[in-house]
Amino acid sequence: MSDAPNPSSTRYPAGGDAFPHKDLIGIAPLAPWEIHYLLDEAEQWVALNRQPAKHADALAGLTIINAFFENSTRTLLSFEIAGKRLGADVVNMHAAQSSVKKGETLIDTATTLNAMRADAIVIRHSSSGAVQLIADKVDCPVLNAGDGQHEHPTQALLDALTMRFWLRSDSCPLSDEFAKLKIAICGDIMHSRVARSNILLLTTLGAEVRVCAPPALMPAAIEHMKVTPFSDFNAAIDGVDVVMMLRLQNERMAGPFIPSAREYRHLFGLTPERLKRAAPHALVMHPGPMNRGVEIDSSVADMLERSAITRQVEMGVALRMACLDVVTRRARGVEGWNSL
Amino acid sequence: MIPREPLIITGGKLLTGSGAPSAGSIRCEGDRIVAAGEVEAQPGDRTHDARGKIVMPGIIDLGVFEIDKPAFHFGGITRAALMPDQNPPLDYPARVRFAASYGKPDLWVHPIAAATRGLAGSELPELGLMQEAGARAVSSGRQWLGDSGIMLRMMQYAAMLGLPVISHAEDAGLTGGAVATAGEMATRLGLPSAPAEAESLAIMRDIALAEMAGAHLHIRQVTTAAGLDLVRAAKARGVRLTCGVTPAYFMLSDIATAGFLTFTRLSPPLRSEADRLAVRIALADGTIDTIASGHDPRGPEDKRLPFVDAAPGMAGAETLLPLTLSLVRDGVIDMARMCELLCVNPARILGVEAGRLEAGLEADIAVIDPDRPWIVDSDRMEAQAGNTPFDKQPVQGRAIALFKGGQKIEG
């Protein structure tokens, strides 16, 4: 009998070498068992992060470069803390400080970073595909911290980790299975890499996913990604287990996509009244930063018993620790991790 | 001028531009064809033995963005219509005159005048003077001319001068900063996209304006099923309308953009598989009149970038013939139709005395081996850059001898 993992299975082989990718560019290339593997790995770091002494030495001596060509606060901080808690030397490179401003091409920048012998590079860029472009040019693992409107895999993974913790908690009446979840992702689907990665991840794990947006913010042929599109928010969240709200990404919009924030809130804002349409136990999520009073009311965002928004941030650090740990194992010579 | 002996090309199958290939010879004196068919060599003639291969008119490439002689000659191209998007644009008679003289004697460039000054879309340029300087058509270039009033007046002026108007059919209001066609692939890749209807909307408007102006409208690239239906209907009611396409749109669909391959970043963007098949049908039924290369070589500075930031365009001159021949092999078109698409119709649209193997016309002749296999290699192209989406693809067919004005081009 072959030891090769079954791609459709959520079970992964014992004995290491369970992540056969050099990089983490997106959710699209991941099999269900690879997603579960990363989530399982993250759980140990959740436990560590809840202790007073939050230090491990798994990545001691390694250099991780966070190359952020697009502004970010929480993702950059999350990756930085993740690297440092694992003992790595973490260097942050902001676009404003980089040679990109002097006209250097992205590939030249990648070559430069490669020559500095980084052990992992975390990249955020405003152009879809930019992270893949760099990953093709460097030897070390590359992690995508968001590329344009394409993917934001660690956000989807941390969202899944948040959901899994919730599913396993006493406060959740559901069984511990993604395949039985009904999830509504609502907001600016068009411009959201978070939406794409979450759609890919959740449908890969068998969840029922609904997406809801004004027609101008709904990408074409989205139904081909195994989701059901809605433009009626009330119908979209009817009976769902998870409501995932997205930020209006005004900075990515060329021209007017909605008449006003006031009207948007009226039709697509998550208010306490609207949340009553979801299942009584429904979890509220938002990747942040939030436009309070636009896509989500503060009274919902701050609901202690329903909102997982701060929990998502907590899971983010642990999940990124897991990703940094896993993608560097091969280079670190961890036993059982063969060369690709 | 060096006196030249008459030339006779023997032993080939003549693809004259009217009908299927047939055995025969072709005789040229000076820069003109004097006889084609059952022709005997005369004492003193230079003889070229075509060795059973196809002898056809030199290809007339209707709409290139760069004068790239080695690539054109490799591809069997003897004349190229140069788009006005140059630096500076072809919006002034002296620039047109310079462009028209640029490739001579072994390549003739037919400049296409800018439809507006600086291609800025607001002022009419001196179309009449540019025509006298050598312009064979007028075009808004890569851009959609959004102001319908200016488009109409430009068309009226062009109609008066007998210049065809070559339009770029993409409604810019819909396309905005799009780099892909709206659909599953663009959605999965997270690429800014525009609906394919941007093309049909633009075609509808341009046909309406051309009918009002009485102008000959040539839509450089029609790439969607809806757009082709509009062209079909307009032609049926007698509008002076022609249209073209480039090989990417009958060979590739938006699936080719997977992996963010910037060599597949084109304008208009690659369409759906259904649209690709519609283009093939339109090539077969005569709706499409021309196949051009859209030759637009782009170096790594323009292409080694994220997909969204990369410049659109492909180096197409070398692959124009083999990719069109693939339609013949697939049974979509026959050899005679291929000759119409590459030679006869472009010559007719530009109003040049070429494009056929006929007595009195310019002796622009390509001898091609339609079966010769070769592999497209972006690293080893004759073009100024190797940005082809067909990189590493095996193809068949290439020019093995080329004559411009009766003179053999040594390559």
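The values are calculated or read from the model by the stated rules, or taken from the named source; none is laboratory data. Remember, it's a predicted structure, so these values are computed and weren't measured experimentally. Cβ atoms come from the backbone with ideal geometry, glycine included; neighbour counts cover every protein chain shown. For the accessible areas, the whole protein counts, side chains as well, though only heavy atoms, and no ligand, DNA or RNA atoms are used. Shrake-Rupley method; radii C 1.70, N 1.55, O 1.52, S 1.80 Å.
Let me confirm the definition first: pairs of Lys residues in chain B, 8 or more apart or on different chains, C-alpha distance under 15 Å. How many are there?
Values: B:Lys13/B:Lys53; B:Lys69/B:Lys104; B:Lys69/B:Lys404; B:Lys69/B:Lys408; B:Lys104/B:Lys404; B:Lys104/B:Lys408.
Within chain B, the lysine pair count is 6.
To test your reading of the geometry: what angle, between 0 and 90 degrees and rounded to tens, separates the Cα axis of helix A:106-115 from the longest principal axis of chain A? Compared with the principal axis, the helix lies near 40 degrees.
DSSP loop (so not H, G, I, E, B), at most 14 other Cβ within 10 Å: list which trypsin sites (Lys or Arg not before Pro) in the stretch B:202-265 pass both filters. Working shown, then result.
Values: sites: B:Arg205, B:Arg220, B:Arg232, B:Lys235, B:Arg237, B:Arg240, B:Arg265; in loops: B:Arg220, B:Arg237, B:Arg240, B:Arg265.
Those satisfying the criteria are B:Arg237.
Under the convention that each Lys and Arg Cβ holds +1 and each Asp and Glu Cβ holds -1, the size of the dipole of the protein assembly as shown around its Cα centre is about 480 debye. Compared with the dominant Cα axis of chain B, that is its longest principal axis, helix B:197-213 is turned about 70°. Helix A:309-332 axis versus longest C-alpha principal axis of chain A: approximately 30°, rounded to the nearest ten.
Couplings for the stretch B:234-250, taken from phi via the Karplus curve 6.51 cos²θ - 1.76 cosθ + 1.60 with θ = phi - 60°, read 5, 5, 5, 9, x, 5, 6, 9, 9, 8, x, 7, 10, x, 3, 7, 9 Hz in order; Gly and Pro are left as x.
Positive contributions from Lys and Arg (+1) and negative ones from Asp and Glu (-1), summed over other residues with Cβ under 9 Å from the Cβ of B:Ala225, come out at -1. A:Ala179 sits among other residues whose Cβ lies under 14 Å from its own Cβ, and their net charge, with Lys and Arg +1 and Asp and Glu -1, is 0.
For the stretch A:133-278, just say rounded, prolate or oblate: build the C-alpha gyration tensor, square-root its eigenvalues into a ≥ b ≥ c, call rounded for a/c under 1.5, and beyond that prolate if a/b exceeds b/c, oblate if not. Walk me through the numbers on the way to the answer.
On the way: a/c = 1.95, a/b = 1.07, b/c = 1.82.
In terms of gyration-tensor shape, oblate.
Entry note, chain A: the mean residue ellipticity at 222 nm calculated from DSSP H runs of n ≥ 4, each adding -39500 (n - 2.57), is -10500 deg cm²/dmol after division by the residues and rounding to the nearest 500.
Rounded to the nearest 20 debye, the dipole size of the stretch A:172-304 about its Cα centre is 180 debye, using +1 on the Cβ of Lys and Arg and -1 on the Cβ of Asp and Glu.
How long are the semi-axes of the ellipsoid equivalent to chain B, from square roots of 5 times the Cα gyration tensor eigenvalues, in whole Å, largest first? Don't jump to the answer; show the numbers that get you there.
Values: eigenvalues 221, 121, 78 Å².
Square roots of five times the eigenvalues give 33, 25, 20 Å.
Just the protein heavy atoms count here, and of the accessible area of chain B at 1.4 Å, carbon and sulfur take up 51 percent. Name the residues of the stretch A:142-161, by number, that are at least 30 Å² less accessible with every protein chain in place than in the isolated chain; the surface is that of heavy atoms, probe 1.4 Å, without ligands or nucleic acids. Checking the loss per residue gives A:Gln149, A:His150. About the centre of its Cα atoms, chain B shows a dipole size close to 220 debye [charges on the beta carbon of Lys, Arg (+1) and Asp, Glu (-1) only; nearest 20 debye]. For chain A, A:Cys140, A:Cys172, A:Cys323 stand unpaired, since no other cysteine beta carbon lies under 4.7 Å from theirs.
Helix-derived [θ] at 222 nm for chain B: sum -39500 (n - 2.57) over DSSP H runs of at least 4, divide by residue count, nearest 500?
Values: 14 runs with 117 residues, N = 411.
Mean residue ellipticity, 222 nm, calculated: -8000 deg cm²/dmol.
What chain B shows is 37 Å² of accessible area per residue, with the surface traced by a 1.4 Å probe over protein heavy atoms. Once you order the gyration tensor axes a ≥ b ≥ c over the Cα atoms, which shape class does the protein assembly as shown get: rounded for a/c under 1.5, otherwise prolate or oblate by comparing a/b with b/c? Prolate is the answer for the protein assembly as shown, as a/c is 1.5 or above and a/b outweighs b/c. Per residue, chain A exposes an accessible area of 41 Å² to a 1.4 Å probe, with every protein chain left in place. Of the beta bridges DSSP finds with both residues in the protein assembly as shown, what % are antiparallel, to the nearest 5? So the antiparallel bridges amount to about 30 percent of the total. Here's how it looks for A:Leu24: its modeled amide H is under 5 Å from those of A:Val142, A:Leu143, A:Asn144, which are all 5 or more places away or on a different chain.
Taking only the C-alpha atoms of the stretch A:187-340, the Rg (one decimal) and the largest Cα-Cα distance, Dmax (whole number), read 17.7, 57 Å.
Within the stretch A:172-304, what whole-number % of the accessible surface is contributed by carbon and sulfur, with the 1.4 Å probe and all protein chains included in the calculation? Please list the in-between numbers first.
Values: 2830 of 5260 Å².
Exposed carbon and sulfur together represent 54 percent of the surface.
Within the same chain, aspartates and glutamates fewer than 8 places from A:Lys180 are excluded, and of the rest, those with a Cα less than 12 Å from its Cα are A:Glu208, A:Asp241.
Rounded to the nearest 5, what is the percent of antiparallel bridges among the DSSP beta bridges in chain A? Approximately 5 percent, going by the DSSP bridge assignments.
Going from the chain on its own to the full set of protein chains, the stretch B:183-199 has these residues losing 50 Å² or more of accessible surface (heavy atoms, 1.4 Å probe, no ligands, DNA or RNA): B:Glu184, B:Thr187, B:Arg188, B:Gly190.
Using Cα-only point scatterers and the Debye equation, what is log10 of I(q)/I(0) for the stretch A:113-178 at each q in 0.16, 0.17 Å⁻¹, rounded to two decimals? Debye output, listed in q order: -0.64, -0.67. Surface burial for A against B, with a 1.4 Å probe and both sides summed, reaches about 1400 Å² of accessible area.
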